[in-house]
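Peer 1: Before we start, here is the structure in question, set down as structure tokens.
The values are calculated or read from the model by the stated rules, or taken from the named source; none is laboratory data. Here the structure is a predicted model, which is why all the values come from computation and not from measurement. Quick reminder, even Gly has a Cβ in these numbers, built from the backbone with ideal geometry, and neighbours come from all protein chains shown. These area figures cover heavy atoms from the full protein model, side chains too; ligands, DNA and RNA do not enter into them. Shrake-Rupley method; radii C 1.70, N 1.55, O 1.52, S 1.80 Å.
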Amino acid sequence: MNKPANFSNIHKYYDLINTLTTLGFDKSWRSQAAKNLNPGSVLDLGSGTGASYEDLNSFDVTALDPDEQMLSLNKFDRKIVGKGEDLPFNENSFDNVLCCFVWRNISETEKAMNEIYRVIKPGGKFILLDMTRPKNSILKILHKIGTFILLHLIGLITINFKEYRFLYKSLDFYPQPEIHLSKNEYLSLDITRFGMFGFVYLAVFTK
Ligand SMILES: C[S@@+](CC[C@H](N)C(=O)[O-])C[C@H]1O[C@@H](n2cnc3c(N)ncnc32)[C@H](O)[C@@H]1O
């Protein structure tokens, strides 16, 4: 089981730092992810400060996050404190579950997978966006060196060394998504890679 990061310490700077670490691409990746949603309701799982707010303005959104401080900055109307591993909803409650840059924080992904599947309506979507390592072994080494320097530097500058060390280490928590996500109950799964070296993935599951 992975030890989750405590984002409370960095909640005020979270969006700025996210933009810096992804060179501003996080917004376009989130928009790209949202384009795959079915119309209707969305559970924004690990919504944090609500970074997907603008992409979700035509949807009926429920924002869920375990961190009350992150949620205090979140603009969605319906906000619920909770975890992906234990969702406080009936089965078949949502047309979609959206999960952006959260998966590496979830310590029990198998449990969360079952919970997410349970709350999605038949035909609904589970959209998962997160960072990983590039597939190519040379690019993987370069990526490891780059993220080591960048994330430790930001940790030192913002005096949140532990949180940024977690973000660095979490990139190696799971196998490549093509392997890690392949065992599932969904009807279909499409995985697309983005970013320099393909270190960001978008997984679109259909129930
Ligand atoms: C890196 S932030 C991502 C926030 C937002 N989704 C985004 O796109 O920027 C990760 C969020 O996941 C939340 N989180 C941590 N553990 C979680 C869990 N077990 N279930 C749901 N969310 C979790 C954290 O509190 C944090 O707000």
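Peer 1: Do any strands (runs of 3 or more DSSP E) lying entirely in segment 41-82 carry at least 2 residues that are touching a Lys or Arg at 6+ places or on another chain (Cβ under 6 Å) and closer than 17 Å to Ile127 by Cβ, and which ones are they?
Peer 2: Details: elements: 41-45, 60-65, 78-81.
It comes to 60-65.
Peer 1: Something else now. Does segment 147-163 contain at least one residue that is under 18 Å from Val200 (Cα atoms) and free of Cβ contacts under 8 Å to residues at least 12 places away in the same chain?
Peer 2: So far as segment 147-163 goes, no, none of its residues is under 18 Å from Val200 (Cα atoms) and free of Cβ contacts under 8 Å to residues at least 12 places away in the same chain.
Peer 1: Continuing with the same structure: Please specify each residue of segment 160-183 satisfying the condition of being open to solvent by 50 Å² or more (accessible area, probe 1.4 Å), under 11 Å from Arg104 (Cβ atoms) and within 16 Å of the ligand (Cβ to nearest atom).
Peer 2: Selection gives Lys169, Phe173.
Peer 1: Quick check on my filter: what residues within segment 189-198 are buried (at least 16 other Cβ atoms within 10 Å of the Cβ) and aliphatic (A, V, I, L, M)?
Peer 2: Leu189
Peer 1: Quick one: what pairs do we get from segment 58-80, first residue open to solvent by 80 Å² or more (accessible area, probe 1.4 Å), second away from the ligand (no atom under 12 Å from the Cβ), C-beta under 6 Å, 6+ apart or different chains?
Peer 2: So the pair list comes out as Arg78/Thr62.
Peer 1: Could you grab the pairs with beta carbons closer than 8 Å, sequence gap of 6+ or different chains, first residue in segment 34-49 and within 15 Å of Ala112 (Cβ to Cβ), second one small (Gly, Ala, Ser)?
Peer 2: If the second residue must be small (Gly, Ala, Ser), the pairs left are Leu43/Ser93; Asp44/Gly50; Asp44/Ser52; Asp44/Ala63; Leu45/Gly84; Gly46/Gly84; Ser47/Ala63.
Peer 1: Kindly indicate the residue of segment 30-52 that is more than 14 Å from the chain's Cα centre (by Cα) and closer than 21 Å to Phe194 by Cβ and also most open to solvent (accessible area, probe 1.4 Å) among those meeting that condition.
Peer 2: Checking each candidate, the answer is Lys35.
Peer 1: For Tyr201, indicate whether it is of a type in the set (Ser, Thr, Tyr), surrounded by 15 or more Cβ atoms within 10 Å (Cβ to Cβ), farther than 17 Å from Thr132 by Cα and modelled with pLDDT of 95 or more.
Peer 2: Here the answer is no, as Tyr201 does not meet what is asked.
Peer 1: Would you pick out the residues in segment 81-110 that are among the hydrophobic types (A, V, I, L, M, F, W, C) and loosely packed, with under 14 Cβ neighbours inside 10 Å?
Peer 2: Listed by number, the list holds a single entry, Val81.
Peer 1: Six or more apart or on different chains, Cβ under 8 Å: which pairs go from a residue in segment 17-32 that's without any contact (Cβ under 8 Å) to a residue 24 or more places away in the chain to one that's open to solvent by less than 40 Å² (accessible area, probe 1.4 Å) and charged (D, E, K, R)? Could you list them?
Peer 2: Going by the 8 Å Cβ cut-off, the qualifying pairs are Thr19/Asp26.
Peer 1: Being more than 9 Å from the ligand (Cβ to nearest atom) and within 20 Å of the chain's Cα centre (by Cα): is that true of Pro88 here?
Peer 2: Taking the combined requirement at face value, the residue satisfies it.
Peer 1: Let me ask something else. Could you run through segment 62-85 and say how many residues are at pLDDT below 95, near the ligand (Cβ under 7 Å from one of its atoms) and closer than 10 Å to Gly50 by Cα?
Peer 2: The total comes to 1.
Peer 1: Which members of segment 111-147 meet the condition of being part of a strand (DSSP E or B) and open to solvent by 20 Å² or more (accessible area, probe 1.4 Å)?
Peer 2: The initial filter retains those residues of segment 111-147 that are part of a strand (DSSP E or B), namely 120-131.
Matches in segment 111-147: Lys121, Pro122, Gly123, Lys125, Met131.
Peer 1: Looking at (1) open to solvent by 70 Å² or more (accessible area, probe 1.4 Å); (2) in a loop (DSSP other than H, G, I, E, B), can you tell me which one Tyr186 breaks?
Peer 2: If we test Tyr186 against (1) open to solvent by 70 Å² or more (accessible area, probe 1.4 Å); (2) in a loop (DSSP other than H, G, I, E, B), just (1) comes out false.
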